[in-house]
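Student: First, the structure itself, so that you have it in front of you.
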Number of protein chains: 2
Amino acid sequence: MFSTNYPSRNLSAINMEKQDSSQKEKTADDLPNVLVLGPPSVFKAYERQFSDKFHCLKPWESAIPLHQFLSTHAGSVQAMFCSVSCPITTDILQKLPELRFIATSSVGVDHIDLHECKRLGVKVANAGSVFSEDVADMAVGLLIDVLRRVSAANSFVKAGLWHQKKDYPLAHKLGGKRVGVVGVGNIGLEVTKRLKALGCIISYTSRTKKLDLTFPFFPNVLQLSTNCEILIICCALNDQTHHMIDKNIMLNLGKQGVIVNVARGAIVNEKELVECLVKGEIGGVGLDVFENEPDVPHELLKLDKVVMTPHHAVMTQESFRGLFEVVVRNLDAFFVNKPLRFEVYSRDD
Amino acid sequence: MFSTNYPSRNLSAINMEKQDSSQKEKTADDLPNVLVLGPPSVFKAYERQFSDKFHCLKPWESAIPLHQFLSTHAGSVQAMFCSVSCPITTDILQKLPELRFIATSSVGVDHIDLHECKRLGVKVANAGSVFSEDVADMAVGLLIDVLRRVSAANSFVKAGLWHQKKDYPLAHKLGGKRVGVVGVGNIGLEVTKRLKALGCIISYTSRTKKLDLTFPFFPNVLQLSTNCEILIICCALNDQTHHMIDKNIMLNLGKQGVIVNVARGAIVNEKELVECLVKGEIGGVGLDVFENEPDVPHELLKLDKVVMTPHHAVMTQESFRGLFEVVVRNLDAFFVNKPLRFEVYSRDD
């Protein structure tokens, strides 16, 4: 299913073997340069297909240090494809004077200095809504897992404990729970659809009230948290949302409270979260993201009420295929000066 | 939250202490007898509250063997409360000539000889729709878990492997998957609501086509399985459905196929399921039920593509409370000859 409609690796290899080395060089020279930083997982999965269309500059395959690699190609790099694992700082932007377009493999753009991009006239496009359904599925999957103890029960059965200890603790029902959605962009909206089918009582907060949403709106997360026992974090990370979910918010949710985070780790004050979990001041968490990935607070490793996935909410074969198509379409569009999809503007636009 | 609105254990204990022993006996004698077999988990959770209303006969607290216990109380037992863990056979029914009503804590009634009950004029009531939402939530939770590898990812992170091996295998998207629902009673209907919100392509089979359902209907599970990659089993266990999900059905679903079973273990041919999983002829399973609970096939214990819960789909505090209320209401109604809720008739009615 993974490579349907794309030339297979074997076929590409055979074609490459038919070309002599000068032809190879000529072909590569004819393709537009794309600097790849990170590299994004989707690049690794679709590398052949990307390389059929673009001359991909891959610093991780080069023996020279990154800053030297960038200087070497500075004059020829107009487009970049990057992931969240590589911060696009002023320093990097200044090393690439010809850069005009950055495609990121993520929805979040907190790793890119958007202000500097805007100043320099560099366009930025993200993954748009490609991942929204998958991220919403993961948010709801984590919520069901925490409330219904699915992962913990799976470990219990797999460790052979069902046979030994007949009783397993009661879980909690989804229906009737008051769930607050923090941020109702594409992902948050998909989350509300799923929560509705589960019979949850939904409310939300976002920068502005959405006229097409009938769920109760609260102007900030503090007010939302006093009216909910569960929060699902779906907003962007920025100066306003950094550590927005702190101990006060957690205590508002109460001892049965649950937080699910599929956005960015640093939206939650992780130290205070660990403290609340260890002290039993909050009921449980489902976390796909962490403040210092791939580091995870060691206190969480033994807790059944904590369900953790390795920043994996977007990691499906179907999302990867969708992202590959969007990025290729955007790079193609950029090089012929056509409109981009999912172009990102900074907040102060 | 668990015992709100019910007399607390301490208060009951104080009241009991105030009574002298003759009064105590008189009070217990005044309450109608209810034989409790199993015992159901909900009985254990709400024992005090049950005992306030009924004189509960508890064979597991008695030193004499069950058959002798039943003979001793044979003349006074008109009502019974039982769980799936205690088969209500012809033998047991014959030992209780005055029995007129059985309340079971389960939805399934395959542990009760319904034919004999009908012949003897014994009414049977099950848990009805009390559990439907919780079971549907678990079905969908298991499906998300298998497709998105939630439990496996949680184990991966908790074992500290994220830091060591940076890549975790890609998962599969829910949206667009062809999901067949086997049995559309209360639980199956709740499952379809949730699958719709997840963007799945739904079809179903049941004994008869449901006029109010617009999803494609297939007259049997064989035809359903040729049109799906995922099956969710929500039907009753009986002679027609025993081992209905066999190797042919599994092979029809294909190597990416997934089966979720929240109904009864014996609806699936477990031996053939294990064989298909071990050989990679099916993609994964989410199982809440097994053929010989609490025994689980040892081949499944190490497989990431297998997510298992210990017959736990109904095990929430909220469902228990709902069941307690229904059983008490039914026992009350039985003793004053009022209509019962969730009365069960055998198929040949």
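The values are calculated or read from the model by the stated rules, or taken from the named source; none is laboratory data. Because the structure is predicted, anything quoted here is derived from the model rather than measured. All Cβ positions, glycine included, derive from the backbone under ideal geometry; neighbour counts span all protein chains shown. We work out accessible area using only protein heavy atoms, side chains counted, and drop any ligands, DNA or RNA first. Shrake-Rupley method; radii C 1.70, N 1.55, O 1.52, S 1.80 Å.
Student: Which FRET efficiency value, to the nearest 0.05, is calculated for residue A:66 and residue A:255 with the Förster distance at 51 angstrom and r the Cβ-Cβ distance? Mind dumping the intermediate values first?
Tutor: Details: r = 48 Å, r/R0 = 0.94.
Efficiency for this residue pair is about 0.60.
Student: Something else now. Out of B:117, B:262, B:36, whose Cα points farthest toward the positive end of the dipole of chain B (charges: +1 Lys, Arg; -1 Asp, Glu; placed on Cβ)?
Tutor: Value computed over the given set: B:262.
Student: Calculate the length of the line joining the C-alpha centroid of segment A:191-216 to that of segment B:264-327, in whole Å.
Tutor: Taking the Cα centre of each part, segment A:191-216 and segment B:264-327 sit 33 Å apart.
Student: How many Cβ atoms of partner chains, on average, are near each residue of A:292-305 if near means within 10 Å of its Cβ?
Tutor: 2
Student: Can you give the longest stretch of chain B with no exposed loop site, where a site means chymotrypsin sites (Phe, Trp or Tyr not before Pro) in a DSSP loop (not H, G, I, E or B) with at most 15 other C-beta atoms within 10 Å? Could the numbers behind the result be given before it?
Tutor: Details: sites that count: B:2, B:345.
With a cap of 15 other Cβ atoms within 10 Å, the longest stretch comes to B:3-344.
Student: Run through segment A:246-349 and list the trypsin sites (Lys or Arg not before Pro) located in a DSSP loop whose Cβ has at most 10 other Cβ atoms within 10 Å.
Tutor: Details: sites: A:247, A:255, A:264, A:271, A:279, A:302, A:305, A:321, A:329, A:341, A:347; in loops: A:255, A:264, A:279, A:302, A:305, A:341, A:347.
For trypsin sites (Lys or Arg not before Pro) across segment A:246-349 that sit outside H, G, I, E and B with at most 10 neighbouring Cβ atoms in 10 Å, the list reads A:279, A:302.
Student: What figure in square angstrom, to the nearest 10, would you give for the accessible area of residue B:243 with a 1.4 Å probe?
Tutor: We get 60 Å² for residue B:243.
Student: Let me know the charge dipole size of the protein assembly as shown about its Cα centre in debye, to the nearest 20, where only the beta-carbon of Lys, Arg (+1) and Asp, Glu (-1) is charged.
Tutor: It comes to approximately 820 debye.
Student: Continuing with this model, one more query. Compare the Cα positions of B:233, B:214, B:244 along the charge dipole of the protein assembly as shown (+1 at Cβ of Lys, Arg; -1 at Cβ of Asp, Glu; about the Cα centre) and return the one farthest towards the positive end.
Tutor: Result: B:214, furthest along the dipole toward the positive end.
Student: Given Cβ point charges of +1 (Lys, Arg) and -1 (Asp, Glu) and nothing else, what value in debye, to the nearest 20, does the dipole of segment A:95-217 about its Cα centre take?
Tutor: On the way: 19 positive and 11 negative charges, 90 e Å.
About 440 debye.
Student: Summarise the partner chain shielding of B:193-203 as one whole number: the mean count of Cβ atoms from other chains within 10 Å of each residue's Cβ. Write out the running numbers ahead of the final one.
Tutor: Numbers: counts 4, 7, 1, 2, 11, 9, 6, 0, 0, 0, 0.
Mean partner shielding for this stretch: 4.
Student: As a test of the formula, what do you get for the protein assembly as shown when each DSSP H run with n ≥ 4 contributes -39,500 (n - 2.57) and the sum is divided by the residue count, at 222 nm and rounded to the nearest 500 deg cm²/dmol? Can you show the working numbers first?
Tutor: Values: 30 runs with 272 residues, N = 698.
Value at 222 nm, helices only, nearest 500: -11000 deg cm²/dmol.
Student: Aspartates and glutamates near residue A:123 by alpha-carbon distance under 18 Å, same-chain residues fewer than 8 away left out - which ones?
Tutor: Residue A:123 reaches A:91, A:98, A:110, A:113, A:332, A:343, A:348, A:349.
Student: Please compute, for peptide B:36-45, the average count of beta-carbon atoms on other protein chains lying within 10 Å of each residue's beta-carbon.
Tutor: Numbers: counts 0, 0, 0, 0, 0, 4, 1, 0, 1, 1.
Across B:36-45, the average partner-chain Cβ count within 10 Å equals 1.
Student: What is the distance, in nm, between label points placed 7 Å from the Cα along the Cα-to-Cβ direction at residue A:248 and at residue B:193?
Tutor: 3.7
Student: Quick one: work out the % antiparallel among DSSP beta bridges in the protein assembly as shown, nearest 5. Each step should come with its number before you reach the end.
Tutor: Details: 5 of 80 bridges.
Rounded to the nearest five, the antiparallel share is 5 percent.
Student: Subtract the Cα-Cα distance of residue A:271 and residue A:207 from 0.36 nm times their separation in residues, and report this length gain in nm to one decimal.
Tutor: 20.5 nm
Student: For the interface of chains A and B, what total accessible area is buried with a 1.4 Å probe, rounded to the nearest 100 Å²?
Tutor: Numbers: alone 18280 and 18290 Å², together 31460 Å².
Answer for the A-B pair: about 5100 Å² buried.
Student: With +1 on each Lys and Arg Cβ and -1 on each Asp and Glu Cβ, how big is the dipole of segment B:69-127 about its Cα centre, in debye rounded to the nearest 20?
Tutor: On the way: 5 positive and 5 negative charges, 36 e Å.
The calculation lands at about 180 debye.
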